Amino acid sequence: MPDFSWDPYDFLDILGVLPVEEEYGVAYRYEVDRRPLSLALTIWPFDGDVELAIRCEGVSEPVVHLNLLDCPGARVIADKRGKYIEFAAAKLFAGRYDNARPAPYGFRLRIEPSLQVTTFSYDI
């Protein structure tokens, strides 16, 4: 059973692109272009690892580069603030994450109206 709790169909809906899937579902790579920015999001569900890189045209290094190891999961949220993905922070809380409830800490990835990464915390 994968360690990463998520629904790939929800990611398809919010990101608007099909992932490039490695053989046997080892990794899923999403590439989203919002000129001048582009997003590369890779998820290794069996390891629970996530890599996110936001690049800007003309800049050689990513302006945002995050690696989460042993991330318990992610969920897509659509509320009055918009649509975004919440990634639970790795190893910051006990128990199994089921993506139905909010994780206490993590980061949000917003796609529309522009690419944005922010942190969050909930009182649990």
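The values are calculated or read from the model by the stated rules, or taken from the named source; none is laboratory data. Every value quoted in this text rests on a predicted model; they were computed, and no experiment measured them. Cβ sites come from the backbone with ideal geometry, for glycine too, and all protein chains shown count toward neighbours. These accessible areas exclude ligands, DNA and RNA; they are computed on the full protein's heavy atoms, side chains included. Shrake-Rupley method; radii C 1.70, N 1.55, O 1.52, S 1.80 Å.
Some observations on this one:
- Accessible area in square angstrom per residue, the chain, 1.4 angstrom probe: 59
- Percent carbon-and-sulfur accessible area, the chain, ignoring ligands, DNA and RNA, probe 1.4 Å: 52
- Considering only GluC sites (Glu not before Pro) in DSSP loops that have at most 14 other Cβ atoms within 10 Å, the longest stretch of the chain without any of them is 58-124.
- Over the range 1-48, the ratio between the Cα radius of gyration and 2.2 N^0.38 Å evaluates to 1.18.
- Answer label, with P(r) over Cα pairs in 10 Å bins from 0, in percent calculated from the coordinates and candidates (1) 13, 27, 19, 15, 12, 9, 5, 1; (2) 13, 38, 25, 13, 7, 3, 1; (3) 13, 47, 33, 7, 0: (3)
- Cα-only radius of gyration and Dmax that characterise the range 20-68, units Å: 11.8, 35
- Exposed trypsin sites (Lys or Arg not before Pro) absent - longest run of the chain, DSSP non-H/G/I/E/B, at most 16 other C-beta within 10 Å: 1-79
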